[in-house]
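What follows is one structure encoded as structure tokens, with my remarks underneath.
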Amino acid sequence: MYRYDQFDERFVRERVAQFRAQVKRRLDGSLSDDEFKPLRLMNGLYLQLHAYMLRIAVPYGTLASRQLRQLALIADRYDRGYGHFTTRQNMQFNWAKLRDVPDILGLLADVEMHCIQTSGNCIRNVTADHFAGVAADELEDPRPTAELIRQWSSLHPEFSFLPRKFKIAVTGAEHDRAAVKVHDIGLRILRHPDTGETGYEVIVGGGLGRTPYVGKVVREFLPRRDLLAYLEAIVRVYNADGRRDNKFKARIKILVHEIGTEEFRRRVEEEFAQLDGPTINADPEEVARIAAYFAPPAYEKLPAKSNAYEAHRAANPAFATWADANVFPHRVPGYAALTISLKAIGEAPGDISSEQMRLVADLAEKYSFDELRVTHMQNVVLAHVRQADLFAVWQKLCEAGLATPNVGLITDIIACPGLDYCALATARSIPIAQALSKRFADQARQKEIGPLGIKISGCINACGHHHIGNIGILGLEKNGVENYQITLGGDATENAAIGGHLGPGIDAKDVPDAIERLVDVYLAQREDGEIFIDTVRRIGVTPFKEVFVAKTHAKSKEPENAVA
Amino acid sequence: MPLLDRKGLKQNPFVRAEVVDETAGPNVIVPWAQVQAALAARAKDQQIGVDLPNNVAYGDVLALADQLALVTIDFPAFTDGRAFTLARRLRNNGFQGVLRARGNLIADQFPYAFACGFDEVEPSEAVYARQPEEQWLAAAGRITHTYQRNYGDAGNILDQRRAARLAKEQAHDK
């Protein structure tokens, strides 16, 4: 993984000193509260319902063991002994104190980490496929591109006061695990059909929030050398022309939608044509310098199948169940990538205790070349484990309560922090996730249902990505009561789709029943080997809607009947 | 209003006027809407500057660039970053005159203003009362080098890495 050189090191240290001075200037009144707010947000510091929340950048979700250990130390010393992984592959601490933040930043800098641009109206932490360097369908590791963009976007003089936040994701694989079509900019590494040269497909204007859009292809093939200049052109057009009159219409997706893809492309290409590429872009040698850090680790030469692994599977059904759900094939023979689920039944999705962090760090060090990944599904990946070691790793995970065998299944739920923590939330998310997780806890049933993504947001801002959940749940507030809207058919992959509404919102207590009924429709209607989202695509929303509306309607009649 | 550049406070030789005539003085800033009239009416030795809002089409400004001694761009709020882009576009397209950032920007944005092509800053009295000269100068020097090329930082990190690489290659060649 990437390591800081002297320049990165100095940059981050100076950033810590800068923030320390900003805190001091806030406390002595030099900075007003309104002025300090965007400055602290650009350093990942939010004011939440109960306390400050500090969001730490985990660039493209890659962590070294020593970094996770440092996060554990921060959790113990400055928080309540746990942290929370987010859908942007970051870590959040929910109980930080303002006066401690400069010291926390210092501890992060000690392990080459920071909080730069994890919030605010600027270019946010760049995300990438969590199976980068692992997946067989990968053309190129997206992380060098993501690292190049991370550096380029850090404290950008022109793009730190944009109309709204700006998110970039990169994938280098055929199967999109980075949701590039629902980002402000999505980059897909591909080969030019004629020349075979690698470059980027540039997708702009995707996004979730209150007006979800699937992004539009603005450039079908961008040569690799032009990347930074082209990004500069896009963000410049957005900074100049994006709406600033209404916060809810300020994302780039609205600009693209309002002026149209053609006109947006024209403006970007006009701007790009004026730029002197070589004075802006990184040298090929610089790109190669970064890429070298992501060279494959020193794999052993192993047989494709491990006899020890097969024997453990045969002897231990619980292990086999876990491996079926949580192990992802590795392109190198004899290795596997494994996902550690942070979705234990009945727990808050994405939470991890400091003790668990240390254990996971130890496992990564011993079994996976000292490296871990955070996924946008709020889980953790050990990317390069020998198949023969999987059983030993599983045993350790079992002891720590980290062996939940549910990756990609119905209890692998994404949820934002919701009204339990967040000042923007209109409803709670975590208790809904917990209730659903308990309802579908039975392992055999989960396996029977198969891949099904439920995503929950506690407000219209959609941090829980409900629009792209196969089943999406949006918590709103209606007459002082939490009310949940259900959507169906969303998809975060290369087949990106925004889910459709099923009907009127329902009460929290009715959510598990409603979801169960949707699952029953699928189980009754599916054809052989068909996963949930494919059945929805084939038969459409109507059969689900009928059941959903019939039951909701029946429920709303009840009080009238009772009175009569 | 105070006026600052990289060295600190400086004298402002310009005065603002709606209309330019001989009484207006040698250096006059007029609103963007009055600039054509001002250029037509100015005396031979009068220098004309213009106050731009941050949403002007940069091509319209460039068309007059040769006749303007000073261009200022407004920050209606410090969170509105359009002036940074307008300044960049003017510089990218050859504007050589003095560029001034004006209005509600804060000391923390001083280095960004320079990086985007501004020469000087005219902050509001209210901000300057809380953030005096030393805070602007301190802010300017907090981050010695950043990653963006072509933003006025001769020692930007990418160029320094390139220089280090070339030096190493040369040493190797010898």
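Key figures for this structure:
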quantity: Chymotrypsin sites (Phe, Trp or Tyr not before Pro) restricted to DSSP loop in region A:247-309 with at most 13 other C-beta within 10 Å; calculated: A:293
quantity: Peptide-level mean, for B:74-85, of C-beta atoms on other protein chains within 10 Å; calculated: 6
quantity: Loop sites in region A:450-554: GluC sites (Glu not before Pro), DSSP, at most 10 other Cβ within 10 Å; calculated: A:527
quantity: Only Lys, Arg (+1) and Asp, Glu (-1) charged, at Cβ; the protein assembly as shown dipole about Cα centre in debye; calculated: 800 debye
quantity: For residues of A:150-157, the mean tally of beta carbons on other chains within 10 Å; calculated: 6
quantity: Per-residue mean of C-beta atoms belonging to partner chains within 10 Å, peptide B:139-148; calculated: 6
quantity: Kyte-Doolittle at least 0.5, axis length at least 18 Å by Cα - qualifying DSSP helices, chain A; calculated: A:227-241
quantity: Residues in region A:1-46 occluded by at least 40 Å² - accessible area, probe radius 1.4 Å, against chain by itself; calculated: A:7, A:10, A:11, A:14, A:18, A:25, A:30, A:35
quantity: Signed unit charges on C-beta, dipole axis of the protein assembly as shown, positive-most listed residue B:76, B:25, A:282; calculated: B:76
quantity: Percent of beta bridges antiparallel (DSSP, region B:1-136, rounded to nearest 5); calculated: 10 percent
quantity: Beta bridges per DSSP with both ends in the protein assembly as shown, % antiparallel, nearest 5; calculated: 60 percent
quantity: Cα-centre dipole for region A:1-64 with unit charges at Cβ (Lys and Arg positive, Asp and Glu negative), debye to 20; calculated: 120 debye
quantity: DSSP beta bridge pairing in region B:1-77, given as percent antiparallel to the nearest 5; calculated: 15 percent
quantity: Share of carbon and sulfur in the accessible heavy-atom surface of the protein assembly as shown [1.4 Å probe, %]; calculated: 52 percent
quantity: Loop-located trypsin sites (Lys or Arg not before Pro) in region B:12-45, at most 13 other Cβ atoms within 10 Å (DSSP); calculated: B:44
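The values are calculated or read from the model by the stated rules, or taken from the named source; none is laboratory data. Quick caveat, the model's predicted, so the values are computed rather than measured. All Cβ positions, even for glycine, are placed from backbone atoms using ideal geometry, and neighbour counts span all protein chains on display. What goes into the accessible areas is simple: the full protein's heavy atoms, side chains included, and nothing from ligands, DNA or RNA. Shrake-Rupley method; radii C 1.70, N 1.55, O 1.52, S 1.80 Å.
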